[in-house]
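Participant: So that we are looking at the same thing, I have put the structure below in structure tokens.
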Amino acid sequence: GENVEQHPSTLSVQEGDSAVIKCTYSDSASNYFPWYKQELGKRPQLIIDIRSNVGEKKDQRIAVTLNKTAKHFSLHITETQPEDSAVYFCAASYNQGGKLIFGQGTELSVKP
Amino acid sequence: DTAVSQTPKYLVTQMGNDKSIKCEQNLGHDTMYWYKQDSKKFLKIMFSYNNKELIINETVPNRFSPKSPDKAHLNLHINSLELGDSAVYFCASSHRGQQPQHFGDGTRLSIL
């Protein structure tokens, strides 16, 4: 069935370091891969997304890479700041009403 | 103006009661979703409606009944509430079932 595995579940880094979160998906028909950031008590907010016809996408300090063959995609945050601390979710979707299958989440803590 | 708004924000009630959560979006989208986020932060799709028609029902107990009076509204009615229904429920919307999805602020449901 549809499944998205996300690792690690928790990640602690020093301010200024890089953070990497990895996800794998099971359905090879998946063609859209968003990343959401969720701060405590808030809604998930889209921070970056990538579609299956692209291998990499970058937006300032955030980048996402996609390996379709391995069914693997990753979020890279450079020069981390304390305000990056949150829970990050990866997800996968394909054209079946657009439902998102989420990973389990990664709690990122950036220490000043 | 909030793009996807949910009411109420908090809902505390007793086991066995019936309650409703309302969702409205002003983005002009035609597809709306309900997600459940449990105590472990796991986000899971429940339902999706496109132009008032149900297109996704992820084996949710039939105590949960979504209703879409028009494409800008998707309400969730829950009968005979159980302890396991305690969670945060997020509404989301998108255009034509495509991505990205925009999330509401969530409704925190607590069952006593």
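The values are calculated or read from the model by the stated rules, or taken from the named source; none is laboratory data. Since this is a predicted model, take the numbers as computed values, not measurements. Virtual Cβ from ideal backbone geometry, glycine too; neighbours counted across all protein chains shown. Note: accessible area is taken over every heavy atom of the protein model, side chains too, but ligands, DNA and RNA are not part of it. Shrake-Rupley method; radii C 1.70, N 1.55, O 1.52, S 1.80 Å.
Participant: Among all the aspartates and glutamates, which ones have a C-alpha under 18 Å from residue A:111's C-alpha, if same-chain residues fewer than 8 places away are not counted?
Facilitator: A:15, A:17, A:39, A:79, A:83, A:84
Participant: Can you tell me, using C-alpha contacts under 8 Å and at least 6 residues apart, the relative contact order of chain A as a whole percent?
Facilitator: It comes to 37 percent, rounded to a whole number.
Participant: Give me the one-decimal nm value for the distance between modelled label points at residue B:79 and residue B:110, 7 Å along each residue's Cα-to-Cβ direction.
Facilitator: Placing both labels 7 Å beyond Cα along the Cβ direction yields 2.8 nm.
Participant: What whole number of Å gives the distance from the Cα centroid of the stretch A:31-66 to the Cα centroid of the stretch B:24-39?
Facilitator: With the stretch B:24-39 and the stretch A:31-66 each reduced to a Cα centre, they are spaced 19 Å.
Participant: Please give, to one decimal in nm, the separation of the simple spin-label points placed at residue A:51 and residue B:58, each 7 Å out from Cα toward the Cβ.
Facilitator: 2.3
Participant: Right, something else. Which pairs break 20 Å Cα to Cα here: A:58/B:36; B:36/B:67; A:68/B:41?
Facilitator: Cα-Cα > 20 Å for A:58/B:36; A:68/B:41; rest within.
Participant: If I model the protein assembly as shown as equal point scatterers sitting on the Cα atoms and use the Debye formula, what is log10 I(q)/I(0) at q = 0.10, 0.16, 0.17 Å⁻¹?
Facilitator: -0.45, -1.11, -1.22
Participant: So which aspartates and glutamates pass the test for residue A:71, namely a Cα distance under 20 Å, with those fewer than 8 places away in the same chain ruled out?
Facilitator: A:2, A:5, A:27, A:49, A:56
Participant: While we're on this one: Just the accessible area per residue of the protein assembly as shown, please: how many Å² with a 1.4 Å probe?
Facilitator: For the protein assembly as shown, the per-residue accessible area is 50 Å².
Participant: Let me ask you something else. Defining a contact as two alpha carbons under 8 Å apart and six or more residues distant in sequence, what relative contact order in percent does chain B show?
Facilitator: Contact order relative to length: 37 percent.
Participant: Moving on. Quick check on chain B: what does the Kirkwood estimate of hydrodynamic radius come out to from the alpha carbon pairs, in Å?
Facilitator: 13.8
Participant: I need the P(r) histogram for the stretch B:21-74: all alpha carbon pairs, bin width 10 Å from 0 out to the longest distance, whole percents.
Facilitator: For the stretch B:21-74, the binned pair fractions read 24, 53, 21, 1 percent.
Participant: When the accessible area of each residue in the stretch B:36-54 is compared between its chain alone and the complete protein assembly (1.4 Å probe; ligands, DNA and RNA ignored), which residues differ by at least 50 Å², being lower in the assembly?
Facilitator: At a threshold of 50 Å² (probe 1.4 Å), the residues of the stretch B:36-54 that become less exposed are B:41, B:42, B:43.
Participant: Within the stretch A:64-83, whose backbone N sits under 14 Å from a point 7 Å along Cα→Cβ of residue A:5?
Facilitator: Residues passing the 14 Å test: A:70-73.
Participant: Can you compute the modelled spin-label distance between residue A:59 and residue B:38, with each label point 7 Å from Cα toward Cβ, in nm?
Facilitator: Going from the residue A:59 label point to the residue B:38 one covers 3.0 nm.
Participant: How high is the FRET efficiency from residue A:26 to residue B:9, r the C-beta distance, R0 35 Å, rounded to 0.05? Intermediate values should be presented prior to the final figure.
Facilitator: Numbers: r = 35 Å, r/R0 = 0.99.
The calculated FRET efficiency here is 0.50.
Participant: Next question. At a probe radius of 1.4 Å, figure out the A/B buried accessible area, summed over both chains, and give it in Å² to the nearest 100. The partial results should precede the final answer.
Facilitator: Working: alone 6320 and 6490 Å², together 11110 Å².
Separately minus together, A and B give about 1700 Å² buried.
Participant: For chain A, give the percent of accessible area contributed by carbon and sulfur heavy atoms, probe 1.4 Å, rounded to a whole number. Can you show the working numbers first?
Facilitator: Numbers: 2480 of 5460 Å².
Ligands and nucleic acids excluded, carbon and sulfur give 45 percent.
Participant: So, one more: If you count the DSSP beta bridges with both ends in chain A, what percent of them are antiparallel, to the nearest 5?
Facilitator: Percent antiparallel among DSSP bridges in chain A is about 90.
Participant: Sticking with this one: Shielding by partners for A:86-92, please: the mean number of other protein chain Cβ atoms within 10 Å of each residue's Cβ.
Facilitator: 1
Participant: Give me, ordered by chain and number, the residues 5 or more places off residue A:48 or on other chains with an amide H under 5 Å from its own placed amide H.
Facilitator: For residue A:48, the qualifying residues are A:35.
Participant: Here's a follow-up. What ³J(HN,Hα) values, in whole Hz, does the Karplus curve 6.51 cos²θ - 1.76 cosθ + 1.60 give for the stretch B:77-86 when θ = phi - 60°, with x put for Gly and Pro?
Facilitator: Per-residue couplings from phi come out as 10, 10, 9, 6, 4, 10, 4, x, 7, 4 Hz.
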